[in-house]
Amino acid sequence: MPAPRPAALTLPTALLLATAPLMWAANAVVGRLVHALVAPVALNFLRWLLAFALLAPLAWRVLRPDSGLWPHWRRYALLGLLGIGSYNALQYLALQTSSPLNVTLVGSGTPIWMLAIGALFFGAPVSRRQLAGAAASIAGVLLVLSRGSWQELLALRLVPGDLYMVLATLAWALYSWLLVRTSEPAGIRGDWAAFLMGQLVFGLAWSGAFAGVEWSLGARGFVWGWPLVAALVFIAVGPAILAYRCWGLGVQRAGPVMGGFFINLTPLFAALLSAAFLGEVPKLYHALAFVLIVGGIVVSSRRA
């Protein structure tokens with residue numbers, strides 16, 4: 001079955017798709033800050049456990065035995081595995097041994113994976129505009145990550161964390177395509193909280209099982225305190241609930257390939273957050289990278 005043709009990119013949809021990478025840039029920073037306070041897979045489980053508690057008052061009906069969720073449990077179990085159980089756990093694992101610079105660099109391949117998975121498994125054609133947009137957008141990402149110096153970029157070395165991020169990026173690309181494959185069942189269609197809860201109820205089970213395996217392998221315990229509590233609250237509300245809501249709606253409107261280009265805003269937002277919270281003044285290459293990234297989005301979104 002060929003993938004449905006996405007709608008034209010509008011300003012509201014662009015804002016939705018830009019909100020998600022903003023939250024994920026902050027998520028990468030926070031995940032690195034607390035990596036010594038909690039094991040990575042346990043952090044993912046605690047994050048979604050808190051998100052479940054926050055969503056329950058809005059979407060508790062989807063958990064009832066007569067809910068439309070259960071006849072479609074296989075789809076939601078797969079979405080929960082890819083988007084909730086795997087992606088963030090792999091990202092937190094990557095941040096244990098790799099720098100945010102390397103993690104973001106590996107994640108910048110998302111548009112290519114979106115195009116490849118769409119062409120191979122969902123019958124989505126790849127246009128020259130999309131390829132040109134991907135090249136321009138990735139060039140902007142590389143400019144940010146190299147800090148305007150290609151020598152610094154060439155000096156990077158891959159570590160196990162980078163391989164975890166490759167797996168995370170593949171999981172996210174497949175997750176994004178599955179978002180647009182079928183319509184949602186009654187009781188979930190048009191209800192963002194119910195849609196996220198449908199994924200979360202299975203994703204929480206996956207992430208809990210993965211955290212149990214991590215614990216059985218001798219993972220360290222928690223260092224409870226205000227830093228960890230504040231981090232959990234933030235990543236549950238912002239990068240989890242808000243970002244997934246915006247991403248899901250934006251991808252359903254514009255398509256997963258277009259969403260993939262917006263993910264390349266993540267390193268740019270990370271640079272801006274560093275300027276705001278770490279006192280690092282933006283440089284000229286940040287502006288040039290912004291032009292390339294946004295230019296790639298504009299080129300790929302234009303219709304022939």
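The values are calculated or read from the model by the stated rules, or taken from the named source; none is laboratory data. Model, not experiment: these values are computed from the prediction. FYI the Cβ positions are ideal-geometry reconstructions off the backbone, even for glycines, and counts take in every protein chain you see.
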Meets criteria (touching a residue at least 60 places away in the same chain (Cβ under 8 Å) and more than 23 Å from Ala205 (Cα to Cα)) for Leu22: yes
Name the residue that is nearest to Phe261 (Cα to Cα), counting only residues in region 14-63 that are among the β-branched types (Val, Ile, Thr) and touching a Leu at 6+ places or on another chain (Cβ under 8 Å). Thr19
Can you spot a residue in region 100-110 that is assigned to a loop (DSSP other than H, G, I, E, B), buried (at least 16 other Cβ atoms within 10 Å of the Cβ), small (Gly, Ala, Ser) and in contact (Cβ under 8 Å) with a residue 12 or more places away in the chain? yes
Pro57 vs. criteria touching a helix residue (DSSP H, G or I) at 6+ places or on another chain (Cβ under 8 Å) and on the phi < 0 side of the Ramachandran plot: no
From the residues in region 8-55 that are under 14 Å from the mean Cα position of the chain (by Cα) and of a type in the set (Gly, Ala, Ser), which one is surrounded by the most Cβ atoms within 10 Å (Cβ to Cβ)? Gly31
Listed residues Leu78, Leu58; which is surrounded by 15 or more Cβ atoms within 10 Å (Cβ to Cβ), touching a residue at least 12 places away in the same chain (Cβ under 8 Å), in a helix (DSSP H, G or I) and under 18 Å from the mean Cα position of the chain (by Cα)? Leu78
Out of region 234-246, which residues are surrounded by fewer than 17 Cβ atoms within 10 Å (Cβ to Cβ) and closer than 14 Å to Leu55 by Cβ? Val237, Leu242
When you look at Ala36, is it at pLDDT 90 or above, more than 30 Å from Ser137 (Cβ to Cβ) and either in contact with a Gly (Cβ under 9 Å, 6 or more places away or on another chain) or of a type outside the set (S, T, N, Q) (or both), yes or no? no
Among (1) surrounded by fewer than 17 Cβ atoms within 10 Å (Cβ to Cβ); (2) within 13 Å of the chain's Cα centre (by Cα); (3) at pLDDT below 85, which single condition is Gly221 missing? (2)
One residue is enough: does region 236-252 have a residue meeting the conditions in a helix (DSSP H, G or I), closer than 30 Å to Trp73 by Cβ and aromatic (Phe, Trp, Tyr)? yes
What do you reckon, is Val223 among the aliphatic types (A, V, I, L, M) and closer than 22 Å to Ala25 by Cβ? no
